[in-house]
């Protein structure tokens, strides 16, 4: 089980080293990571001497059951209530904010109640402890993968001409929940025939026909952690050109996995270049318009990004990411 008190201690050390008076966190994934809270519409204020958790009446009972006892639970009805509390904390001069899920209106209210002092974006710092997964987190991720793999195997018997993408998606989601998933990791992507070229082709009423290529991109969420898997199926013997493209993609992924088995780990950008080179050499570079992969955990997409524009300088033991 995660030790939220240890994670909060780590956050306090980051607070001190970066010389902030307090962190304000509203991202649901970070609320879950640091407190165990599984709802939304909440704020966590981490101060040097006191930490407070703010939410409205819909979630106070849930929060009281889930958050550590060392955090004070305060009921609020609006962001204005939160801001008034911040103003009463006269010692807060430098506030680091988890800005990734905060809208502009709330940001402006914060600034107003801080007497014009600008809150500082601090999401990169707040997210830092989440980069490398603990043994417990890796176990949860592995369970989510097993749930999705079990569900897929129990769905494949329905993968035949005549079934619609909607019906296939319904069966896959049913099988995931039957295997223990709390929910799907994201809206299921099932795209067949001409639609199989759509990277994010959500399931449609289209029915599968002979000769179709079928792309299935799906994942399960279990104990808050996600899986993400993409599979391609052929309803008949594929054309030679299709085989060539498939084999090139397979080789690109293989080279990426091999690059991670050496004594020295590549950087995220180097790993992306390794994969991308295979596709460039195969004449497919112009069609590879996205990154090689992404981190996965409490969010379906999180750091590190495996792409040409990755802001992560290194890969480290304990990081969990996809190679797509």
Of the numbered conditions (1) touching a residue at least 12 places away in the same chain (Cβ under 8 Å); (2) more than 30 Å from residue 179 (Cβ to Cβ); (3) surrounded by fewer than 19 Cβ atoms within 10 Å (Cβ to Cβ), residue 234 satisfies every one except a single condition; which is it?
(2)
Has region 276-294 got at least one residue that is touching a residue at least 40 places away in the same chain (Cβ under 8 Å) and either on the phi > 0 side of the Ramachandran plot or in a helix (DSSP H, G or I) (or both)?
no
Does residue 271 satisfy the condition of being within 24 Å of the chain's Cα centre (by Cα), under 30 Å from residue 180 (Cα atoms) and either surrounded by fewer than 19 Cβ atoms within 10 Å (Cβ to Cβ) or in the same structural domain as residue 155 (by TED's automatic domain parsing) (or both)?
no
Going by the conditions given, is residue 251 at pLDDT 95 or above, touching a helix residue (DSSP H, G or I) at 6+ places or on another chain (Cβ under 6 Å) and part of a loop (DSSP other than H, G, I, E, B)?
no
Would you say residue 218 is within 20 Å of the chain's Cα centre (by Cα) and either surrounded by 12 or more Cβ atoms within 10 Å (Cβ to Cβ) or farther than 24 Å from residue 316 by Cβ (or both)?
yes
Region 173-226, residues that are under 22 Å from residue 162 (Cα atoms), touching a residue at least 24 places away in the same chain (Cβ under 8 Å), touching a strand residue (DSSP E or B) at 6+ places or on another chain (Cβ under 7 Å) and in a helix (DSSP H, G or I)
196
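The values are calculated or read from the model by the stated rules, or taken from the named source; none is laboratory data. Being a predicted model, the structure only gives us computed values, none of them experimental. Because the Cβ atoms are built from the backbone with ideal geometry, glycine has one as well, and the counts that use them run over all protein chains shown.
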